[in-house]
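> This is the structure I want to talk about, given as structure tokens.
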Amino acid sequence: VVSALRETTRPAAAAAPAPQTPALLSAESGKRQIREAVQAAQTSIEACVGDHLRQRRMQRAEGVLKLTVSTQGRVARIVTGGGDLAGEELERCLGAASSRWQFPTAEGEYVVDVPITVMTGGAAR
């Protein structure tokens, strides 16, 4: 359901943050790290977006999630926007889910744009 993402299997997160959280690399390696972090969050993103579509009785939606990631690799802020995927309820759901997401650490905050296209009854695009 989340665009450009493939489902991957990840081990369950430990209760305490892992001391060996990888640092964000540069260029293509960093992009790959971020893509893998988004893929790990895919199931919870799909659940929130699916609820959003059912509540609004929509068959198809497009939009962008803008994730602000802290220096510790945690999502500090989520903004939905662009297209049909916007609203406080969706942001609340994603905010609650994001407490389990882990992104690479960095020297400063960074923003990740996650484009999403959802079609009910069909495969991810």
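> Name every residue in the stretch 32-54 that is open to solvent by 60 Å² or more (accessible area, probe 1.4 Å) and either touching a helix residue (DSSP H, G or I) at 6+ places or on another chain (Cβ under 9 Å) or at pLDDT below 95 (or both), in order of residue number.
Selection gives 43, 51, 54.
> Do you know which of the residues in the stretch 94-125 that are part of a helix (DSSP H, G or I) and among the hydrophobic types (A, V, I, L, M, F, W, C) is farthest from residue 42 (Cα to Cα)? First the steps, then the outcome.
Within the stretch 94-125, the subset part of a helix (DSSP H, G or I) is 94-100.
With among the hydrophobic types (A, V, I, L, M, F, W, C) added as a condition, the list becomes 94, 96-97.
Numbers: 94: 11, 96: 14, 97: 10 Å.
For the stretch 94-125, the residue satisfying everything is 96.
> Out of the stretch 102-115, which residues are buried (at least 20 other Cβ atoms within 10 Å of the Cβ) and aromatic (Phe, Trp, Tyr)?
Answer for the stretch 102-115, where residues must be buried (at least 20 other Cβ atoms within 10 Å of the Cβ) and aromatic (Phe, Trp, Tyr): just 103.
> While we're looking at this one, here's another question. Can you pull out every residue in the stretch 71-93 that is in a loop (DSSP other than H, G, I, E, B) and open to solvent by less than 20 Å² (accessible area, probe 1.4 Å)? Spell out how you get there, then give the answer.
Residues of the stretch 71-93 that are in a loop (DSSP other than H, G, I, E, B), as a first pass: 71-74, 82-87.
Scanning the stretch 71-93 gives 73, 85.
The values are calculated or read from the model by the stated rules, or taken from the named source; none is laboratory data. Please read all numbers here as calculations on a predicted model, not as lab measurements. Methodologically, a virtual Cβ is constructed for each residue, glycine included, from the backbone with ideal geometry; neighbour enumeration extends over all protein chains shown. Accessible surface is based on the protein model in full, side chains and every heavy atom, while ligands, DNA and RNA are left aside. Shrake-Rupley method; radii C 1.70, N 1.55, O 1.52, S 1.80 Å.
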